[in-house]
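Okay, so here's the structure we're looking at.
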Amino acid sequence: MPENIKIKNNHAQVTISPEAGASLRSIKVKKGDRHYELLSGGANNHNPTRLPPGEGSFVMAPWVNRIRDGKLVTPNGVHQIPLNAPPHAIHGLVRESKWQIDSITDLAIEMSINLSKPWPFKGHIKYSIYLQGRSLVQTMQMFADNDENRAFPGGLGWHPWFNRSLGSDTMQVKAEVSDQWELDQSSTATGNLVDSTFTNRLKNGVCLMPGDIDDCFLRLPNGKVTITWPELKLEISGSDAITHFMLYSPEHAICVEPQTSTVDAARLAENGIARTGHVLVDREHPLIATTTWTWDE
């Protein structure tokens with residue numbers, strides 16, 4: 001029977017659904033004598049086979065955000081990916097899939113999944129989640145399994161839906177970012193990087209209202225995003241492979257998405273655009289990314 005898995009230590013309890021895309025369903029952290037739920041929908045009952053829209057946190061792979069018109073640009077030509085959010089392919093192929101559980105301890109879980117059609121390349125992903133003190137550490141590793149060693153464009157990312165409020169006022173977001181990718185009306189990148197007004201606001205900290213933002217930002221070296229509620233502070237950082245943060249402010253939540261590339265990075269790179277985070281994965285060069293979420297005492 002499908003089931004949700006809980007990992008915990010003295011500082012937090014995290015609920016994971018391996019059969020609902022290896023999604024996080026709840027992050028309940030302890031500060032003093034209080035407990036706070038960080039994720040939207042975290043207090044609900046969790047169907048272990050389905051993550052409702054706008055809840056929890058899901059992984060994006062083997063690409064992040066949108067591929068314009070579903071046209072995946074690769075070294076051996078353009079491949080058509082099904083349009084799951086017409087006119088685009090969005091958020092990868094594994095967020096609704098059943099992941100295999102490889103190991104579980106009180107503090108950690110390791111899972112894996114094979115890449116399969118409609119992805120035109122053989123590969124697999126390993127995903128580890130573990131608690132380390134007041135931090136939740138998540139690592140994804142994407143490998144190519146092609147016998148002929150065909151390289152494919154790869155992207156990894158996380159899409160959490162954080163509660164706007166933990167009980168009192170709404171959060172403030174401060175992001176260590178340098179530039180913003182200009183997006184067109186279809187929310188795919190034009191290739192222009194701009195030092196926008198919003199970039200400067202994020203550097204100083206801002207309360208994001210519903211509809212304020214749905215944009216991708218270039219991360220400063222070792223840059224982090226700090227979410228501050230009156231009750232708690234959360235820092236989102238990452239390994240060097242995390243080159244971008246996507247920020248999105250819908251009605252009920254705030255999404256801070258650490259990811260290895262910008263929107264539609266393979267197409268931009270094909271057009272000679274730099275700083276996209278575009279990488280090629282082959283048998284000798286896996287893509288490995290870690291994001292660490294740390295809260296205060």
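Brief remarks on what is shown
- Nearest-20 debye value, the range 176-275 charge dipole, Cβ charges on Lys, Arg, Asp, Glu: 280 debye
- Cα shape, the range 23-146, gyration tensor, a/c 1.5 rule: prolate
- Whole-Hz couplings from phi, Karplus 6.51/-1.76/1.60, listed for the range 37-51; x for Gly and Pro: 8, 8, 9, 4, x, x, 8, 7, 6, 10, 5, x, 10, 8, 9
- Table column - 3J(HN,Hα) (Hz), the range 292-297, Karplus curve with 6.51, -1.76, 1.60, x for Gly and Pro: 10, 10, 10, 10, 7, 6
- Look at where the Cα atoms of the range 219-297 and of the range 36-76 average out, and the two centres are 14 Å apart.
- Dipole of the chain computed with +1 at Lys/Arg Cβ and -1 at Asp/Glu Cβ about the Cα centre; of I288, G191, G133, farthest Cα towards the positive end is G133.
- Structure-based [θ]222 nm, the chain - -39500 (n - 2.57) summed over DSSP H runs of at least 4, per residue, nearest 500: -1000 deg cm²/dmol
- Dipole of the range 5-295 computed with +1 at Lys/Arg Cβ and -1 at Asp/Glu Cβ about the Cα centre; of H91, Q180, T49, farthest Cα towards the positive end is T49.
- Interchain or long-range residues, amide H under 5 Å from L208's placed H: V173
- Residue order for C216, C255, C207, fewest other beta carbons within 10 angstrom first, comes to C207, C255, C216.
- Principal axis dimensions, largest first and in whole angstrom, of the range 5-295 by Cα: 57, 46, 32
- Charge dipole (Cα centre; +1 on Lys/Arg Cβ, -1 on Asp/Glu Cβ; no other charges) of the chain amounts to roughly 320 debye.
- Per-residue extension of 0.36 nm, minus the Cα-Cα distance of T197 and N47, leaves a gain of 49.9 nm for this segment.
- Here the label points at S165 and S103, each 7 Å from Cα along the C-beta direction, are separated by 4.3 nm in the simple model.
- E270, E251 arranged by Cβ crowding within 10 Å, fewest neighbours leading: E251, E270
- Model label sites at N114 and K71, defined 7 Å from Cα along the beta-carbon direction, differ in position by 3.2 nm.
- Net lengthening on full extension, H285/T190 (0.36 nm per residue, minus Cα-Cα): 31.4 nm
- Label-reachable residues, the range 96-112, where backbone N falls under 20 Å from a point 7 Å from H124's Cα toward its Cβ: 96-105, 109-112
- Residue-by-residue Karplus 3J(HN,Hα) for the range 113-124, coefficients 6.51, -1.76, 1.60, Hz, glycine and proline x: 7, 8, 7, 9, 4, x, 5, x, 9, 7, x, 8
- Leading residue at positive end of dipole, the chain (Cβ point charges), from N200, L247, N271: L247
- Here's how it looks for G238: its modeled amide H is under 5 Å from those of T292, which are all 5 or more places away or on a different chain.
Values quoted throughout were computed directly from the atomic coordinates according to the rules given, and no laboratory measurement underlies them. Since we're looking at a predicted model, the values are computed, not measured. Positions of Cβ are backbone-derived with ideal geometry, glycine not excepted, and every protein chain shown enters the neighbour counts.
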